Amino acid sequence: MCAFSFSARWYPLHDEQHPAKILHTANSRQIKFMNKILSNKMKKVGKRGLLLLIPIILIMLYFGFPSSDNAEKIVHKLLFDSNSKLDDKTFSAAMNARFSTGTDINNLTDFVKVFNGQCSAVGDDKFSCTLNLSGSFCVANNLRLDVKIGLDRKIESVNATRFSISC
């Protein structure tokens, strides 16, 4: 048996009254009490927080999430001049880089078909492809690709020309 001093008086202690057990019991009661308080507060904050998040999410969906994908802007700035007209030389160079010498003509025709364009053979050594760039009622801005091919149906060169059609 041991003794514990409290307020200048000596009290005999049993095992269940040992200071470590008393501290543990107090701590577990406090922890349970704090958990109860925090869980109730978290439920309230959770509902409020959810209510606050809904308008934020809706605003972000409407305006778009912030991103740093400038690929379309870079490509547009590279291929189009300040008046948003296609630069034929730059586009021809890009097409020649994408469909370099020795590329099968089917790769180019598949590319054109993705954008609902059309290709047709013009003689044995040429293909002509047409793509719609933009359009509205009675006006269309198109792109013609004049493709020179070899006897093995491989691309030798691509030349791009912009043209318009109207009523």
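Some values worked out for this structure:
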item: Residue-span extension gain [Asp81 to Gln118] - 0.36 nm each, minus C-alpha spacing; result: 10.8 nm
item: Whole-Hz couplings from phi, Karplus 6.51/-1.76/1.60, listed for the range 104-114; x for Gly and Pro; result: 5, 4, 4, 4, 5, 5, 5, 4, 5, 5, 4
item: Anisotropy class of the range 120-167 from Cα gyration tensor, a/c 1.5 cut; result: prolate
item: Full-stretch length increase - Asn106, Ile56 - with 0.36 nm per residue and alpha-carbon distance subtracted; result: 13.2 nm
item: Distance between modelled label sites at Asn142 and Phe163, nm, 7 Å Cα→Cβ extension; result: 0.7 nm
item: Tensor-based shape of the range 85-166 (alpha-carbon gyration tensor, a/c under 1.5 rounded, otherwise prolate or oblate); result: prolate
item: Thr103 long-range amide H proximity, modeled H, under 5 Å; result: Ile155
item: Fewest-first sequence of Cys129, Cys119, Cys167 by Cβ atoms within 10 Å of each Cβ; result: Cys167, Cys119, Cys129
item: Amide hydrogen neighbours beyond the local backbone of Ile149, cut-off 5 Å, H modeled; result: Lys126, Phe127, Glu156
item: Extended-chain gain in nm, criterion 0.36 nm per residue less alpha-carbon gap, Ser128 and Ala93; result: 10.9 nm
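Quick note: the coordinates plus some simple rules give every number you see, no bench work behind them. Everything numeric here is computed off the predicted structure, so don't read it as measured data. In this analysis, Cβ positions are derived from the backbone assuming ideal geometry, glycine residues included, and neighbour counts consider all displayed protein chains.
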